[in-house]
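Comments concern the structure below.
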Amino acid sequence: METRAFAVAQANKLLERLAFQVTRTRRTPGSDAVHDLRVAIRRFTQSLFVFKTSFAPRETRKIRKRLKVTMALAGEVRDYDIAIKILEASRARGAGGFQEELLARRKDAAKALQAALDHWVARRSFSKWRTSLQTGVTQPDFHLPKVEDTSRRLLGRMAERFFREGDRASHPQASAAELHEFRIAAKKLRYTLELFAELHAPAADEWMEQIKPVQTLLGAINDYRSVRALVSTLGGSHVVEAALRKRQRRKTQDFRKLWTERFASPAIPRQWMHSLRRPLRKPIMLEPAEEAVARPA
């Protein structure tokens, strides 16, 4: 199968999921809804990046720009949710003193997010995006790459980056920037594996399960760093700061241990690369185009 048809089917499926999450978050912007909205945005955005040669560049850039703005608004709400949760669980003296201000700021941020999502719906953005994805880029048949070749090329490159950045981030002297870069690499690899999972089953499911705990630890490290910065903007507390730094350091140690035990062996990347170069050749069953498209929220 050529990549174009596969790309449209995958992007439409993710757009439909995004539309559902937008509707859910507009109604009740709770912490779970906002988190799921952010994940849906990431997955759809990754499909636009992975299959960028299959879609009209100008329209894709406009979609990604709109998604970036909304992702920032949702990220602000999510930051407050994480801070409230972490500080509630903290036993540090004075941690509870920030809660009232955090809740007030979270309420304002949620209203701004809801307004942005209302604007999406008022402009019928999902319907317009669906149309632009369907239109795509017109190319002669002999220029259209096969989806197996696209999968092999992209996943191979991303897996190489995953192991390279992981080795660097797991070093005891790794900087916060290196941990952040690896967190991005892990996310992109996992979301791209989801796109091509049926080509690499059952190995892809195993790889995604192996990546999950890495993402969980990297996410926790980032959460503690974000909460420390937020506490600082609210006036700061040496006791709370010290407690958060200690927990962040412990999560970092857990990540290094996990990486050493499960990924540091040279045999692991060789095994992954070997499998990624041999996607399945069986036909891929796609949903009919009219059933795979997104409905307006």
Projected label distance in nm at GLU160 and LEU234, using a 7 Å step from Cα toward the beta-carbon
4.5 nm
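Normalized C-alpha radius of gyration of region 147-210, against 2.2 N^0.38 Å?
Output field value: 1.19.
How high is the relative contact order of region 32-134, in percent, counting Cα pairs under 8 Å that sit 6 or more residues apart?
Details: 49 pairs, mean separation 32.8, N = 103.
Normalised by residue count, the contact order of region 32-134 is 32 percent.
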Along the positive direction of the dipole of the chain (beta-carbon charges: Lys, Arg +1; Asp, Glu -1; about the Cα centre), which of SER127, LEU189, LEU179 reaches farthest?
LEU179
Largest-first principal axis extents, alpha carbons of region 145-279, Å:
56, 28, 21
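Using only DSSP helix segments of four residues or longer, with each worth -39500 (n - 2.57), what per-residue ellipticity at 222 nm results for the chain after dividing by its residue count and rounding to 500?
On the way: 11 runs with 226 residues, N = 297.
The helix contribution divided over the chain gives -26500 deg cm²/dmol.
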Remind me, relative contact order of the chain in percent, using alpha carbon pairs under 8 angstrom and six or more residues apart?
30 percent
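Hey, could you grab the Kirkwood Rh for the chain? Inverse mean 1/r over distinct alpha carbon pairs, Å, one decimal. Don't skip to the end; give the middle numbers.
On the way: mean 1/r = 0.0478 Å⁻¹.
Result for the chain stands at 20.9 Å.
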Count the net charge of all other residues whose Cβ sits under 10 Å from the Cβ of ILE221, scoring Lys and Arg as +1 and Asp and Glu as -1.
+4
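May I ask which of LYS188/LYS257; LYS212/LYS251; LYS187/LYS212; LYS68/LYS188; LYS107/LYS188 have a Cα-Cα span longer than 19 Å here?
Numbers: LYS188/LYS257 22 Å; LYS212/LYS251 15 Å; LYS187/LYS212 9 Å; LYS68/LYS188 16 Å; LYS107/LYS188 31 Å.
Pairs exceeding 19 Å: LYS188/LYS257; LYS107/LYS188.
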Lys, Arg +1 and Asp, Glu -1 on Cβ, resulting dipole of region 1-138 about Cα centre, debye, nearest 20:
500 debye
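Find the percent of Cα-Cα distances in region 25-124 that exceed 21 Å, and round it to a whole number.
Pairs farther apart than 21 Å: 43 percent.
Coordinate-derived values only; no laboratory data. Fair warning: this is a prediction, and the values are worked out from it, not measured in the lab. Heads up, the Cβs are rebuilt from the backbone with ideal geometry, glycines too, and the neighbour counts pull from every protein chain shown.
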